[in-house]
Structures are given as structure tokens and as C-alpha cells.
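Below you'll find the structure, written out as C-alpha cells, and then a few comments.
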Amino acid sequence: KAGVTQTPRYLIKTRGQQVTLSCSPISGHRSVSWYQQTPGQGLQFLFEYFSETQRNKGNFPGRFSGRQFSNSRSEMNVSTLELGDSALYLCASSSTSGSSSYNEQFFGPGTRLTVL
Amino acid sequence: GIQVEQSPPDLILQEGANSTLRCNFSDSVNNLQWFHQNPWGQLINLFYIPSGTKQNGRLSATTVATERYSLLYISSSQTTDSGVYFCAAVEYGNKLVFGAGTILRVKS
């Protein structure tokens, strides 16, 4: 099976712009989660999507949003970029179905975003 | 929310040495994963280990959920083991809470 894929791998944007990142989960996985990794804050949970619905959300401002399509592919969008948004953005997929169950998560290679 | 602490933060080993990385969590958790982050940033799954012991080659892991800790053992370390090791506990749903990581450097 192909792993989790993310595009693009690298992005350079300027402050005030917006950006859209894409994640394709492992075939058959319906849950996609997004994480931000920075040197100062480490790895932090952004949100999770399941069956096109946001199921859980981390503690990030409303500038960070996402969506999931019927084929389980997910996108996240960051509007009005700030310097502090420079980070590695990772997505993970799992075969988890119910909200009370957990299955192992698998991560993609990440998108490295630089905001100038 | 739960807190996840890893120790040591840094570890330097000579090739062939063994090591133990520790992960403590503040509350009872039902699920825990260990990852190795490669130099390009990708998180590689090592173990999904909510409890008990698992082994995969030179690596093994033990989680004692009742005492709120997990251990990752690396035996006969190789330079390719270098990188950052993370443990992550499930807080709720699919939300993983990560520790700050252990940076491992294996010298030849």
C-alpha cells in the first residue's frame, strides 16, 4: 500500500498571504489528522477529519482551517500568514472509525512552510 | 490535558552500545506510539504499544500503563539509529500528545 502523501513538500510565502496544503491518506483510511511542528512548541495537534467532518480541534486560531473530501483526501488552509506559522506541517491517517476507538496513525513526509 | 515527558533530552552513544529512552505521562492513557523522526522530518512508526512489551529487531518497547510510563530499548546501536525519538499518547479520539523528544546521536 502506498503511504501517506503530502504536497507540496516545500513552500515559501510572505506575511499576509494564504496557503493550502494537501494530504492523501493511506488507501482505506478515513481519518486524517494534522500537526504542526516548530522548534519552540514541538509537535502540536491542529485538527482531525473523519468522513468529511471535523471531529476534533486543537488550540489554534481560526486562521487555520481544513476540510476533507469524499475520497478522504484532506486540505488545510492558513490565511493571513504570520512569521510564526513557519513550521513543518505533518498529516497522519488511520483506519479508526468510531470516536471511541483508536488505531495506529501513520504520518506523511510533511510540508515545510517558510513565511518571510 | 495530559502531559508527556521524555528523558533524556539528548543522548550520545558509541556504535554498538545499548540505550533506554523513557516516556512518562501524567494521566492514564489507553494508547501510545513511539516514532523515529528521520533527518527529512518524516515520522517513522516504531511501536504502537498501549501496554505490554513488543520487539522488532534491535528495538523493543515496554509500556506499563498503570505506572504511566513507557520505555524504548535500542540494542547494538548503529549510526543509522541517529535522529529524534518521540513518544505520543492519545488524549482523546485521534489526538496525539507528543513529548519533546530525545535526540540520539550514534558515533562510529
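Go through A:102-114, B:85-97 and give me the packing order, highest mean Cβ count within 10 Å leading.
Averaged packing, sorted descending, gives the order B:85-97, A:102-114.
Of the peptides A:71-84, B:44-57, A:40-53, how do they stack up when ordered by the mean number of other Cβ atoms within 10 Å, highest first?
A:40-53, A:71-84, B:44-57
Which length gain, in nm to one decimal place, applies between A:GLN18 and A:ARG67 when the Cα-Cα distance is subtracted from 0.36 nm times their residue separation?
Working it through step by step, the gained length comes to 16.1 nm.
If Rh is defined by the Kirkwood formula over all Cα pairs and Rg also comes from Cα, what ratio Rg/Rh do you get for the protein assembly as shown?
Rounded to two decimals, Rg over Rh is 0.97.
Please work out the C-alpha center-to-center distance from the range B:46-105 to the range A:56-104 and express it in whole Å.
Cα centroid to Cα centroid, the span is 23 Å.
How long are the three semi-axes of the equivalent ellipsoid of the range A:17-99, in whole Å, if each is the root of 5 times an eigenvalue of the C-alpha gyration tensor, listed from largest down?
Working through the eigenvalues yields semi-axes of 22, 13, 11 Å.
Taking a virtual spin label 7 Å from the Cα of B:ILE44 along the C-beta vector, which residues in the range A:2-22 bring their backbone nitrogen under 16 Å of it?
Residues A:3-4 qualify, since their backbone N sits under 16 Å from the label point.
Averaged over its residues, how many other protein chain Cβ atoms are within 10 Å of peptide B:92-104's Cβ atoms?
The mean count of partner-chain Cβ atoms within 10 Å per residue comes to 6.
Given the convex hull over the Cα atoms of the range B:1-82, what projected area results after averaging over all orientations, in nm²?
One quarter of the hull surface, i.e. the mean projection, equals 5.6 nm².
Give the percent of DSSP beta bridges with both residues in the range B:5-108 that are antiparallel, rounded to the nearest 5.
Approximately 90 percent, going by the DSSP bridge assignments.
Here, each number is a calculation from the coordinates, and none is a lab measurement. These figures come from a predicted structure and were not determined experimentally. All Cβ positions, even for glycine, are placed from backbone atoms using ideal geometry, and neighbour counts span all protein chains on display.
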